[in-house]
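To start, the structure under review is shown below, and the notes come after it.
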Amino acid sequence: MEGLPALLHGFEVALTAYHLGLMVAGVLIGILVGVLPGLGAPNGVALLMPLTFFMPPVSAIILLSSMYWGALLGGSTTSILFNIPGEPSSVATTFDGHPMAKQGRAAEALSLAFLCSGFGALAGVITITIVADDIAEFALRFSPAEYFAVYLLAFCAFIGMGGANPLKTAVSLLVGLSLATIGMDTVSGEMRLTFGQDELVRGISFLVAVIGLFGIGELLATADETEKVEGIRARVRLAAVLKTLVELPRYWVALLRSAAIGIWMGLTPGGPTAASFMSYGIARRFSKRGDNFGRGEPEGVVSPETSDHAAGVSALLPMLALGVPGSATAAVMLGGLMIWGLQPGPMLFQDRPDFVWGLIASMYVANLVAVVLVLATVPIFASVMRAPFGLLAPLIMAICLTGAWMVSGSGFDVLLAIGFGVLGYLMKKLDYPIAPMVLAMVLGDKAEDAFRQSMLISQGNLTVFWSNWLVGSITTLALLLLAWPVLAWLLRGGVQLSRRPAA
Amino acid sequence: MSRPDDRLGGRRAAELGMALGAAGFGGVVVLGALQHDTGWGPTGPGAGYFPLRIGLLLIGVAAILALLQLRAAAGRFAEPGALRRVARLLAPTLVFGIAIAPLGTYVPMALFLLWMARVEARAGWPVALALALGTPAAFFLLFETWLGVPLAKGPLEEALGIY
């Protein structure tokens with residue numbers, strides 16, 4: 001195994017005072033971002049991105065990924081104390097976390113959530129450490145056709161497995177792909193879809209889109225709701241944490257099962273949100289205390305939290321090794337990688353081992369730092385939530401607009417972000433998923449390039465996507481996932497039809 | 001045949017509008033793609049090949065969504081008063097956004113925060129002023145002084161000689 005020396009070298013990169021400082025800063029900003037409405041992990045990463053352009057890529061990715069871990073934990077905090085998920089992936093945590101807090105077991109619920117997050121993250125990083133080299137080596141055999149098949153798989157997985165209406169997911173994806181084509185064509189140099197507008201020549205920045213869709217859209221959606229925020233005060237004492245830690249092994253079945261689900265959903269592009277829901281659903285079905293779920297059952301906190309973090313962490317591996325992000329936040333980071341001048345993919349593991357292994361090593365440290373910091377600072381960050389939304393919303397709005405301006409110093413981008421904000425609000429209200437659009441915007445150019453190169457190699461013959469067992473099985477799997485909603489519907493219909501005569 | 005809930009603010013109308021909007025965007029993409037080579041060019045598929053097919057797919061999927069809406073149950077898009085609350089956040093934001101390019105970040109930000117705090121949130125003068133003056137000051141210290149990232153400047157900054 002070549003992983004160990006590489007990992008040790010990674011620790012040398014990650015464990016400098018500068019990088020440790022970045023981790024602490026990233027985690028603290030992340031918790032804040034996760035707690036505040038309108039500032040989720042994808043949006044937070046997008047807002048910080050312009051500040052990382054002047055850093056070495058390793059430092060930049062350590063800052064951004066640490067922020068991601070912090071945001072995931074911050075999202076769980078508001079789920080438990082306020083019944084408001086700070087992140088889509090912590091929605092499932094509200095089901096049992098908030099009832100626990102209302103029964104006066106807030107400290108227990110919080111420590112349980114954070115410790116399980118830590119366990120899930122650890123399981124994810126260990127998996128990455130073990131399989132990273134193999135996946136990168138495997139991906140070295142990819143030609144453009146395989147790459148296009150993998151992108152297709154990512155898109156189809158969202159449609160078939162994303163949980164939202166498949167047609168609306170498809171619309172979201174296709175709009176994202178269309179937006180990605182705006183600007184100069186990378187192959188021919190022609191200006192596409194600019195209709196003579198100079199502002200569009202650079203294309204539409206996915207950072208601006210993310211700030212609008214996730215940030216401004218979320219703020220508008222929150223303004224739409226009237227619900228008063230009624231939080232539960234909680235202070236987490238060391239004794240409560242230690243008590244929970246001692247009790248943790250009791251949930252070993254749920255822990256291992258949820259970690260496995262999370263890692264799988266992170267490696268395949270299912271994402272943390274789907275992972276936490278799936279894990280909660282499976283736990284409720286198979287747990288001995290399944291009837292207690294929804295009424296403050298600790299296992300209902302353990303399962304989604306473990307999966308959420310296992311998925312969030314493992315989503316970074318396909319991003320690095322294949323250039324296919326497993327979550328919306330990973331998609332934003334992937335875009336960042338390209339801005340920093342790195343080419344995601346298997347060659348990254350050979351050309352920039354310091355970057356790859358520095359990041360992986362930092363994930364061990366940063367997740368530990370994150371769990372400790374969040375346990376220590378919960379009361380402070382929870383008090384932020386008690387600030388009136390009427391004052392918080394304009395402040396966050398100012399941050400979002402400033403962030404949109406910083407992307408390239410253009411007033412057009414600011415208006416574009418507001419436009420995306422209105423679109424994000426409408427999408428949220430009408431249950432259109434937003435993550436596929438961001439994924440498509442980041443991957444659109446790469447997918448198109450891969451498609452055109454494959455077509456060039458095969459002289460326009462589409463059978464290139466079935467020309468060997470590897471590309472053939474990926475393409476077939478992608479099409480099966482795409483057809484899955486229809487297949488599932490037919491299967492269900494078939495079962496009902498066959499049952500009817502018997503009844 | 002129109003149901004009472006199908007007026008503006010009805011869920012079905014909103015769903016239909018969104019689907020038709022997506023189809024319309026697909027149409028724009030197709031029109032844009034047709035200005036380029038949509039077939040086989042000297043370097044493989046032409047610049048319009050991919051967008052044309054994406055646009056056509058988008059029109060198709062959005063049309064199915066729109067057709068499905070004709071059979072959907074009526075419902076509310078937003079609770080009464082919700083859209084007004086959204087507009088009262090969105091409209092000042094839009095003014096702020098438009099003002100950034102000509103007037104710089106700081107002055108519009110202070111006015112925006114003051115308006116939102118005083119008029120919308122009905123905060124007292126001390127809180128409103130602290131928010132409206134403290135935030136731009138904090139932004140200046142954080143971005144310009146500490147991180148060295150310049151934000152938009154307007155006539156006031158120029159008059160004060162701040163760059």
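The values are calculated or read from the model by the stated rules, or taken from the named source; none is laboratory data. Keep in mind that this is a model prediction, so the values were computed, not measured. Cβ: placed from backbone, ideal geometry, glycine included. Neighbour counts: every protein chain shown. Quick note on the areas: whole protein, heavy atoms, side chains included, nothing else; ligands and nucleic acids left out. Shrake-Rupley method; radii C 1.70, N 1.55, O 1.52, S 1.80 Å.
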(Q) Can you tell me how the range A:1-141 classifies by the Cα gyration tensor, rounded, prolate or oblate, using a/c under 1.5 as the rounded cut? (A) prolate
Q: Run the quick spin-label model on residue A:11 and residue B:142: label points 7 Å from Cα toward the beta carbon, then report their separation in nm to one decimal.
A: 3.5
Q.
Can you give me the distance in nm between label points at residue A:285 and residue B:64, each placed 7 Å from the Cα along the Cα-to-Cβ direction?
A. 2.6
Q: Take the solvent-accessible surface of the protein heavy atoms, probe 1.4 Å, and return the percent of it on the protein assembly as shown that carbon and sulfur atoms account for.
A: 67
Q. For the Cα atoms of chain B, what angle does the longest principal axis make with the long axis of helix B:82-103, in degrees from 0 to 90, nearest 10?
A. 70
Q: Could you check the simple spin-label distance between residue A:473 and residue B:28, using points 7 Å along Cα→Cβ, in nm with one decimal?
A: 4.3
Q. Under the definition of partner shielding as Cβ atoms of other protein chains within 10 Å of a residue Cβ, what is the mean value for peptide B:11-22?
A. 3
Q: Give me the accessible area of residue A:347, 1.4 Å probe, in Å² rounded to the nearest 10.
A: 90
Q: Please find the FRET efficiency linking residue A:408 to residue A:245, where r is the Cβ-Cβ separation and R0 is fixed at 45 Å, and quote it to the nearest 0.05.
A: 0.45
Q | Within 10 Å of each Cβ in B:104-116, the average number of Cβ atoms from other chains | A | 3
Q) How well do other chains shield peptide A:179-190, expressed as the mean number of their Cβ atoms within 10 Å of each residue Cβ? A) 4
Q | Rounded, prolate or oblate (a/c below 1.5 giving rounded, otherwise prolate when a/b exceeds b/c) for the protein assembly as shown by Cα gyration tensor | A | rounded
Q | Average accessible area per residue (Å²) across chain A - probe 1.4 Å, nucleic acids and ligands excluded | A | 37
Q) For chains A and B, what's the summed buried accessible area, probe 1.4 Å, to the nearest 100 square angstrom? A) 5100
Q: Give me the accessible area per residue for the range B:26-65, probe 1.4 Å, as a whole number in Å².
A: 40
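How much length would be gained if the chain were fully extended between residue B:133 and residue B:20, taking 0.36 nm per residue of separation minus their Cα-Cα distance, in nm to one decimal?
36.3 nm
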Q) Using the alpha-carbon atoms, what tilt in degrees (0 to 90, nearest 10) does helix B:125-139 show relative to the longest principal axis of chain B? A) 80
Q: Report the residue, chosen from B:24, B:55, B:46, that carries the largest GNM mean-square fluctuation when chain B is represented by alpha-carbon nodes joined by springs under 10 Å.
A: B:46
